[in-house]
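Everything below concerns the one structure shown next.
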Amino acid sequence: MPTISMFYGIIIRMYCAPNEHNPPHIHVYYQDDKAVIDIKKVELTEGKLHKKKLRIVLAWVELRQEDLLADWELAQNGELPFKIDPLK
């Protein structure tokens, strides 16, 4: 599962497998926390993430939603997704 972005100690990854289960989502890692974020709904769907870090990730997903969905399409075709700019 390649890392597509990193910021503030948060790691964002996306599986690259044909027919990865929908809805489009990312996997988020911060220290011992693991979470899954729905890209289209911009919401936590699984796991847990520190409240402050969750707000940061959701803001990033909202800003980068178009790029994330394009990466999702690549990943669905078994291709590696592109890196996406972190929050600055």
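Taking segment 50-88 as the range and being within 11 Å of the chain's Cα centre (by Cα), of a type in the set (Val, Ile, Thr) and either surrounded by fewer than 11 Cβ atoms within 10 Å (Cβ to Cβ) or farther than 10 Å from Ile39 by Cα (or both) as the test, the residues that pass are Val57, Ile84. Annotation: His25 fulfils all but one of (1) closer than 21 Å to Lys53 by Cβ; (2) of a type outside the set (Lys, Arg); (3) free of Cβ contacts under 8 Å to residues at least 12 places away in the same chain; the unmet one is (3). Which count do you get for residues in segment 22-49 that are surrounded by 13 or more Cβ atoms within 10 Å (Cβ to Cβ), farther than 17 Å from Tyr8 by Cα and of a type in the set (Ser, Thr, Tyr)? Residues in segment 22-49 being surrounded by 13 or more Cβ atoms within 10 Å (Cβ to Cβ), farther than 17 Å from Tyr8 by Cα and of a type in the set (Ser, Thr, Tyr): 0 in total.
Of the residues Asp33, Asp38, which single one is more than 10 Å from the chain's Cα centre (by Cα) and of a type in the set (Asp, Glu)? Walk me through it before giving the result.
On the way: Asp38 fails: more than 10 Å from the chain's Cα centre (by Cα).
Sole residue among the options that is more than 10 Å from the chain's Cα centre (by Cα) and of a type in the set (Asp, Glu): Asp33.
Picking from residues in segment 28-63 that are β-branched (Val, Ile, Thr) and touching a residue at least 12 places away in the same chain (Cβ under 8 Å), the one that is farthest from Leu87 (Cα to Cα) is Thr45. When Pro81, Pro86, Pro2 are checked against the criterion of being in contact (Cβ under 8 Å) with a residue 40 or more places away in the chain and out of contact with any strand residue (DSSP E or B) (no Cβ under 6 Å at 6 or more places or on another chain), a single residue qualifies: Pro2.
A short reminder: the numbers here are calculations on the coordinates, not readings from a lab. As the structure is a computational prediction, the values presented were derived from the model and not from experiment. All Cβ positions, even for glycine, are placed from backbone atoms using ideal geometry, and neighbour counts span all protein chains on display.
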